[in-house]
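The values are calculated or read from the model by the stated rules, or taken from the named source; none is laboratory data. All figures in this text were calculated on a predicted structure; none of them were measured in a lab. When we count neighbours, we look across all protein chains shown, and the Cβ atoms used for this are built from the backbone with ideal geometry, even at glycine. Calculation scope for accessible area: heavy atoms of the full protein, side chains included, ligands and nucleic acids excluded. Shrake-Rupley method; radii C 1.70, N 1.55, O 1.52, S 1.80 Å.
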Amino acid sequence: SSDGSFSQYSTNYHRLLIDILSLVAFFNNEFNLEKLSTNFYDKASKAIYWLWSITDDSSGVAPNIGANDGSYLLNLTKSDYNDFRPSIQLASVIINGKRLYESKDEDEILSWFKINENHCPLSIRQKDSEIFRDFGLVRISKNDLAGYLKYPNYRFRPSQADIMHLEILDQGKSLISDAGSYSYSESEFWNNYFTGIESHNSIQFDNQQ
């Protein structure tokens, strides 16, 4: 969409998206294929910015919005599963030729693709409060504290009931969090709970979703 968000309304699956975009652009260059369109790079850049903008710089943690079943395509570093920075760093370097993080931990993934981080300038950007209208998300930032409010603005059917869900991160640590909409429980009760309004920080009326 125009704000860089993805149709699955999930931060975890958004990481999967930019990992795939990284591989597409990397192999396109590696095999000297026909140059990808300007539209591809424009939309890919917006997708990278979207995930970077809601990811805590110090911990790599992003709000646990939407479906989260453990997908991590390019799990190539010693970083924790919840650290989104390696994927963001790789995508930014391959798509835009710029690093968004200066730590060696985030550069580790580049070595798998034989990319010299010294050839990629560091892009310093400021994160301010922002509204992602297509995704339906408000981020309110103040120093190391960030609040995220998920409001309804759907172009596709969502997989979870998280309308008006509030999540608050302090230096990447969840003060108020989303339990995550997991998909592999044997129990119908828990499947309904994690995708339902009950597992979100919102308001429920008359036991309805």
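Yes or no: the range 20-42 includes at least one residue that is at negative phi, part of a loop (DSSP other than H, G, I, E, B), surrounded by 15 or more Cβ atoms within 10 Å (Cβ to Cβ) and touching a residue at least 12 places away in the same chain (Cβ under 8 Å). Yes: one or more hits. Residues satisfying the criterion are absent from the range 71-93 (criterion: at positive phi, modelled with pLDDT under 95, in a loop (DSSP other than H, G, I, E, B) and in contact with a helix residue (DSSP H, G or I) (Cβ under 8 Å, 6 or more places away or on another chain)). Restricting G70, G60 to those that are over 12 Å from the mean Cα position of the chain (by Cα) and of a type outside the set (D, E) reduces the list to G70. Quick check on S7: is it within 22 Å of V138 (Cβ to Cβ) and open to solvent by 30 Å² or more (accessible area, probe 1.4 Å)? So S7 passes the test. Taking the range 107-209 and the strands (runs of 3 or more DSSP E) fully enclosed by it, the elements with 3 or more residues that are of a type outside the set (S, T, N, Q) and under 17 Å from the mean Cα position of the chain (by Cα) are at 130-132, 137-142, 145-150, 165-170.
Just one of the listed residues (D178, D128) is closer than 21 Å to D56 by Cα, open to solvent by less than 40 Å² (accessible area, probe 1.4 Å) and modelled with pLDDT under 90, and it is D178.
Listed by first and then second residue, the pairs with beta-carbon distance under 7 Å, at least 6 apart or on different chains, first residue in the range 83-106 and in contact (Cβ under 8 Å) with a residue 40 or more places away in the chain, second buried (at least 24 other Cβ atoms within 10 Å of the Cβ) and part of a loop (DSSP other than H, G, I, E, B), are F84/T55; F84/A62; I88/T55. The set of residues in the range 58-83 being touching an Asp or Glu at 6+ places or on another chain (Cβ under 9 Å) and more than 22 Å from S159 (Cβ to Cβ) consists of S58, S59, G60, L74, L76, T77, K78, S79, D83. Name every residue in the range 45-69 that is under 23 Å from N201 (Cα atoms) and either of a type in the set (S, T, Y) or without any contact (Cβ under 8 Å) to a residue 40 or more places away in the chain (or both), in order of residue number. Passing the criteria: S53, T55, S59.
For the range 59-70, taking the residues that are modelled with pLDDT of 90 or more and farther than 15 Å from S177 by Cα, the one that is surrounded by the fewest Cβ atoms within 10 Å (Cβ to Cβ) is identified as S59. Of all residues in the range 100-109, those satisfying the criterion of being touching a helix residue (DSSP H, G or I) at 6+ places or on another chain (Cβ under 6 Å) and either of a type in the set (G, A, S) or buried (at least 21 other Cβ atoms within 10 Å of the Cβ) (or both) are L100, E106, D107, I109.
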